[in-house]
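> One structure is given below, represented as structure tokens, and several questions about it will come after.
The values are calculated or read from the model by the stated rules, or taken from the named source; none is laboratory data. Just so we're clear, the structure is a prediction, and the values are computed from it rather than from any experiment. Here the Cβ is made from the backbone with ideal geometry for all residues, glycine too, and neighbour counts use every protein chain on show.
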Amino acid sequence: MLRSMYAGISGMKNFQVKLDVIGNNIANVNTYGFKKGRTTFKDLVNQQISVATAATQFRGGTNSQQVGLGSQIASIDTIHTTGSTQTTSRTLDLALAGDGFFPVATVKDPGRVNVDRGNQIGDNRILGAIDDALDMNYTRAGNFYLDDKGYLVTSDGMFIVGESGEKSVPTDLAVTKSINALNAINNFNNPFKDMTDTLKGISTQAKNLMDAYNEYSDAQSNWEKNESPETDGPMYAAMESTHDALTTIWTQFNEKAVTDPASFDEELINFNSSLSTLNGAVDAFNTAEPVGQIFREITTSLLQLENTFPDDVTDIKERVSDLELSQMNDLLSNLDNYMLDLEKIGRTVIDFENLAEELQQPQWTNGLSGDAGLIQIPLTAKSFSIGPDGTVSFVNNQGELNIAGQIRIANFANAGGMEKVGGNLFRASANSGSLDRNNNGIQLDELLAPGSEGAASIVAGTLEMSNVDLSEEFTEMIVAQRGFQSNTKIITTSDEILQELVNLKR
């Protein structure tokens with residue numbers, strides 16, 4: 001009797017565990033990359049009542065008689081069937097089509113991982129065995145992100161491990177060359193701005209003066225045709241008004257550019273001197289190591305504005321001469337040409353600055369390094385993509401295609417033996433098999449290229465959904481509930497029988 005009660009207790013405990021596993025499965029029905037669990041049972045100790053006997057010449061053999069003492073958990077399995085894929089169209093969402101895991105890690109030994117830190121630029125390579133440098137974990141959840149340095153990471157900030165791209169770190173010579181060029185550009189910026197502002201001001205006044213000449217000429221023509229020689233009519237008043245405006249504008253222009261040209265000449269001299277210095281910096285940039293050429297567009301110089309100013313404003317009733325209009329047209333043409341020269345210089349200075357700044361940035365190629373490392377997409381990349389073979393490529397700001405690295409896949413002999421550690425992560429266990437085949441630490445060739453040697457290929461723009469089947473889980477929940485209830489009935493029934501035995505004494 002007591003045996004049945006304790007057997008019932010063991011059954012209740014087992015079905016409680018089964019319900020725990022089912023509850024966890026249902027809770028993670030929408031968890032990307034989640035692998036459901038399954039509970040199996042086995043019987044517990046059997047008490048021997050009688051042993052089996054062999055047959056004799058007088059009678060046949062008999063079987064043993066045993067009473068089971070309940071059940072226990074046989075296993076809690078992780079079922080690694082592939083979940084359905086959900087299309088997200090997000091470049092950094094990746095699903096694995098097949099077996100394997102994304103290797104992800106945190107840095108264990110910073111001295112073995114050559115990454116960008118602060119102002120220091122690294123080549124992203126791992127020195128020595130991967131697991132000596134990194135604390136390795138594995139996941140099927142492919143919702144990845146970029147951190148502030150452009151490294152490919154999980155939502156928890158773990159780095160994606162693979163083969164790094166060919167990334168060269170700027171040399172001291174390149175940095176020095178860049179700094180010298182940028183200093184020369186900074187010294188040129190103020191004279192360039194002063195010259196540009198001055199020319200814009202003179203050009204605006206010159207255009208206003210030309211408009212005033214034309215308005216006066218038109219008013220004078222109207223007066224001559226319709227009112228001349230009358231001097232008190234409305235057209236004469238209009239001519240007089242436009243002449244007053246012309247006189248005012250000419251005086252302002254004359255004070256700025258004709259009678260007091262010293263300030264402008266000083267700006268012009270300073271500008272041309274700075275331009276000459278900048279040209280020297282361009283020559284040095286074009287010849288200094290490492291060699292990097294820039295077009296010689298900065299050689300343009302400006303001539304002083306002279307011999308192109310209009311004559312003094314004529315008295316009213318005198319027609320504007322062709323010479324005055326010709327002088328104004330020449331002046332406007334020269335100013336427009338000077339502004340075009342300045343725009344050309346400005347564009348080239350920007351190109352020069354961009355080229356100088358690039359010397360302090362790491363350079364990438366369209367190849368892989370051949371070494372294990374982290375995968376980094378430059379923040380200046382115009383676009384990037386991830387191929388089925390895990391290759392991460394990007395277009396740089398010059399429009400060239402470069403390789404940032406290749407995501408690798410970790411395949412284990414017994415995926416069911418891996419341990420869940422939370423956060424959609426698995427770890428290798430004593431029974432999962434090891435990636436380290438040569439007992440020298442995990443090497444790059446022990447992480448497989450996607451789509452090779454039985455490893456899964458990568459499907460970009462999708463995520464692997466949980467492999468939990470709700471209909472199956474609800475069915476198992478009913479089975480567990482009824483099993484639990486049945487075991488409670490065993491206990492209550494045994495209790496009732498014991499109660500009858502106690503009542504016999506009465």
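> Go through the range 154-164 and give me each residue that's assigned to a strand (DSSP E or B) and free of Cβ contacts under 8 Å to residues at least 24 places away in the same chain.
Taking the range 154-164 first, the residues assigned to a strand (DSSP E or B) are 159-164.
Scanning the range 154-164 gives no hits.
Matching residues to (1) modelled with pLDDT of 90 or more; (2) small (Gly, Ala, Ser):
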residue	(1), (2)
Met239	yes, no
Thr259	no, no
Leu278	no, no
Ala284	no, yes
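> Sticking with this one: Any residue in the range 51-64 that is part of a loop (DSSP other than H, G, I, E, B), within 30 Å of Val153 (Cα to Cα), at pLDDT below 95 and out of contact with any Lys or Arg (no Cβ under 7 Å at 6 or more places or on another chain)? Lay out the reasoning, then the answer.
Within the range 51-64, the subset part of a loop (DSSP other than H, G, I, E, B) is 51-52, 54-61, 63-64.
Still in the running and within 30 Å of Val153 (Cα to Cα): none.
No.
> Residues that are assigned to a helix (DSSP H, G or I), under 51 Å from the mean Cα position of the chain (by Cα) and within 29 Å of Phe102 (Cβ to Cβ): does the range 28-40 have at least one? If you could, list the steps in order and put the result at the bottom.
Here is the first cut: in the range 28-40, the residues assigned to a helix (DSSP H, G or I) are none.
Taking every residue of the range 28-40 in turn, none turns out to be assigned to a helix (DSSP H, G or I), under 51 Å from the mean Cα position of the chain (by Cα) and within 29 Å of Phe102 (Cβ to Cβ).
> What residue, of Gly483, Gly416, is outside any loop (DSSP other than H, G, I, E, B), in contact with a Ser or Thr (Cβ under 6 Å, 6 or more places away or on another chain) and modelled with pLDDT under 95?
Numbers: Gly483 fails: in contact with a Ser or Thr (Cβ under 6 Å, 6 or more places away or on another chain).
After ruling out the rest, the residue left standing is Gly416.
> Filter the range 420-436 down to the residues that are part of a strand (DSSP E or B) and among the aliphatic types (A, V, I, L, M), then identify the one that is surrounded by the fewest Cβ atoms within 10 Å (Cβ to Cβ).
Filtering the range 420-436 down to residues part of a strand (DSSP E or B) leaves 420-422, 425-427.
Within this subset, residues satisfying the condition of being among the aliphatic types (A, V, I, L, M) are 421, 425.
Numbers: Val421: 11, Leu425: 20.
Of everything passing the filter in the range 420-436, Val421 is surrounded by the fewest Cβ atoms within 10 Å (Cβ to Cβ).
> So, one more: Part of a helix (DSSP H, G or I), loosely packed, with under 15 Cβ neighbours inside 10 Å and either at positive phi or over 59 Å from the mean Cα position of the chain (by Cα) (or both): does that describe Lys225? Walk me through it before giving the result.
Working: part of a helix (DSSP H, G or I): yes; loosely packed, with under 15 Cβ neighbours inside 10 Å: yes; either at positive phi or over 59 Å from the mean Cα position of the chain (by Cα) (or both): yes.
The answer is yes for Lys225.
> A further question on this structure: Could you tell me which numbered condition Ala455 fails, if it satisfies all but one of (1) in contact with a strand residue (DSSP E or B) (Cβ under 7 Å, 6 or more places away or on another chain); (2) over 30 Å from Trp364 (Cβ atoms)?
It fails just one condition, (2).
> Quick check: is even one residue across the range 462-481 within 30 Å of Glu166 (Cα to Cα) and in contact with a strand residue (DSSP E or B) (Cβ under 6 Å, 6 or more places away or on another chain)? Before you say what the answer is, go through the steps one by one.
Residues of the range 462-481 within 30 Å of Glu166 (Cα to Cα): 462-463.
Filter again for in contact with a strand residue (DSSP E or B) (Cβ under 6 Å, 6 or more places away or on another chain), leaving 462-463.
Among the residues of the range 462-481, at least one is within 30 Å of Glu166 (Cα to Cα) and in contact with a strand residue (DSSP E or B) (Cβ under 6 Å, 6 or more places away or on another chain), which makes the answer yes.
> Same structure, new question: Here are some conditions: (1) under 30 Å from Ser276 (Cα atoms); (2) surrounded by fewer than 22 Cβ atoms within 10 Å (Cβ to Cβ). Lys177 meets all but one. Which one does it not meet?
The one condition Lys177 does not meet is (2).
> Further question on the same structure: Can you tell me which residue in the range 65-97 is farthest from Asn487 (Cα to Cα), limited to those that are hydrophobic (A, V, I, L, M, F, W, C) and in a loop (DSSP other than H, G, I, E, B)?
Here is the first cut: in the range 65-97, the ones hydrophobic (A, V, I, L, M, F, W, C) are 67, 69, 73-74, 76, 79, 92, 94-97.
Add one more test, that the residue is in a loop (DSSP other than H, G, I, E, B), and what stays is 69, 79, 92.
Values: Leu69: 13, Ile79: 28, Leu92: 50 Å.
Looking at residues that are hydrophobic (A, V, I, L, M, F, W, C) and in a loop (DSSP other than H, G, I, E, B), I get Leu92.
> Testing Leu325 on (1) at pLDDT 85 or above; (2) in a helix (DSSP H, G or I); (3) surrounded by 15 or more Cβ atoms within 10 Å (Cβ to Cβ), one condition comes back false. Which one is that?
So Leu325 meets the others, but not (1).
> Name the residues in the range 339-372 that are acidic (Asp, Glu) and closer than 26 Å to Phe384 by Cα, would you? If you could, list the steps in order and put the result at the bottom.
Filtering the range 339-372 down to residues acidic (Asp, Glu) leaves 341, 343, 351, 353, 357-358, 371.
Asp351, Glu353, Glu357, Glu358, Asp371 - these are the residues of the range 339-372 that are acidic (Asp, Glu) and closer than 26 Å to Phe384 by Cα.
> Sticking with this structure for a sec: Could you pull out the residue among Ser457, Ser432 that is at pLDDT 95 or above and either outside the structural domain of Tyr6 (by TED's automatic domain parsing) or in contact with a helix residue (DSSP H, G or I) (Cβ under 8 Å, 6 or more places away or on another chain) (or both)? Please lay out each step first, then the result.
Values: Ser432 fails: at pLDDT 95 or above.
Answer to the selection: Ser457.
> Can you pull out every residue in the range 469-489 that is buried (at least 17 other Cβ atoms within 10 Å of the Cβ) and over 15 Å from Lys36 (Cβ atoms)?
Scanning the range 469-489 gives Gly483, Phe484, Asn487.
> Right, something else. Just give me the residues in the range 421-459 being of a type in the set (Gly, Ala, Ser) and in contact with a Leu (Cβ under 6 Å, 6 or more places away or on another chain), in sequence order.
Keep residues of the range 421-459 that are of a type in the set (Gly, Ala, Ser), which gives 422-423, 428-430, 432-434, 441, 449, 451-452, 454-457.
Residues satisfying the conditions are Ala455, Ala456.
Okay, residues lined up against (1) among the small types (Gly, Ala, Ser); (2) assigned by TED's automatic domain parsing to the domain that holds Ser457:
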| site | (1), (2) |
| --- | --- |
| Gly128 | yes, yes |
| Asn137 | no, yes |
| Gly142 | yes, yes |
| Thr196 | no, no |
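> Within the range 78-119, which residues are of a type in the set (S, T, N, Q) and touching a residue at least 12 places away in the same chain (Cβ under 8 Å)? Write out each step before concluding.
Within the range 78-119, the subset of a type in the set (S, T, N, Q) is 78, 81-82, 84-89, 91, 106, 114, 119.
Within the range 78-119, Thr78, Thr81, Thr82, Ser84, Thr85, Gln86, Thr87, Thr88, Ser89, Thr91, Thr106, Asn114 qualify.
> Out of the range 437-463, which residues are free of Cβ contacts under 8 Å to residues at least 40 places away in the same chain and in a strand (DSSP E or B)?
None - no residue of the range 437-463 is free of Cβ contacts under 8 Å to residues at least 40 places away in the same chain and in a strand (DSSP E or B), so the list stays empty.
> Output the number of residues of the range 113-127 satisfying the condition of being in a loop (DSSP other than H, G, I, E, B) and out of contact with any strand residue (DSSP E or B) (no Cβ under 9 Å at 6 or more places or on another chain). Quick ask: steps written out before the conclusion?
Our first condition is that a residue be in a loop (DSSP other than H, G, I, E, B); within the range 113-127, this holds for 114-116, 118-119, 121-124, 127.
Those still in the list that are out of contact with any strand residue (DSSP E or B) (no Cβ under 9 Å at 6 or more places or on another chain) too: 118-119.
So the answer is 2.
> Another question, if that's okay. Where residues in the range 22-36 are surrounded by fewer than 19 Cβ atoms within 10 Å (Cβ to Cβ) and either touching a Phe, Trp or Tyr at 6+ places or on another chain (Cβ under 8 Å) or of a type outside the set (S, T, N, Q) (or both), which of them is nearest to Ser71 (Cα to Cα)?
Initially, the range 22-36 is screened for residues surrounded by fewer than 19 Cβ atoms within 10 Å (Cβ to Cβ), giving 23-24, 26-31.
Now narrow it down to the ones that are either touching a Phe, Trp or Tyr at 6+ places or on another chain (Cβ under 8 Å) or of a type outside the set (S, T, N, Q) (or both): 23, 26-29.
Working: Gly23: 21, Ile26: 25, Ala27: 27, Asn28: 28, Val29: 29 Å.
Selected residue: Gly23.
> Considering each of Asp211, Asp232, Asp148, Asp197 in turn, give the residue that is surrounded by 13 or more Cβ atoms within 10 Å (Cβ to Cβ), of a type in the set (D, E, K, R) and out of contact with any strand residue (DSSP E or B) (no Cβ under 7 Å at 6 or more places or on another chain). Step through it out loud before you land on a result.
Working: Asp232 fails: surrounded by 13 or more Cβ atoms within 10 Å (Cβ to Cβ); Asp148 fails: surrounded by 13 or more Cβ atoms within 10 Å (Cβ to Cβ); Asp197 fails: surrounded by 13 or more Cβ atoms within 10 Å (Cβ to Cβ).
Answer to the check: Asp211.
> Here is a check on your reading of the model: is Ala212 under 30 Å from Leu268 (Cα atoms), among the hydrophobic types (A, V, I, L, M, F, W, C) and either at pLDDT below 90 or part of a helix (DSSP H, G or I) (or both)?
Numbers: under 30 Å from Leu268 (Cα atoms): yes; among the hydrophobic types (A, V, I, L, M, F, W, C): yes; either at pLDDT below 90 or part of a helix (DSSP H, G or I) (or both): yes.
Yes: the conditions hold for Ala212.
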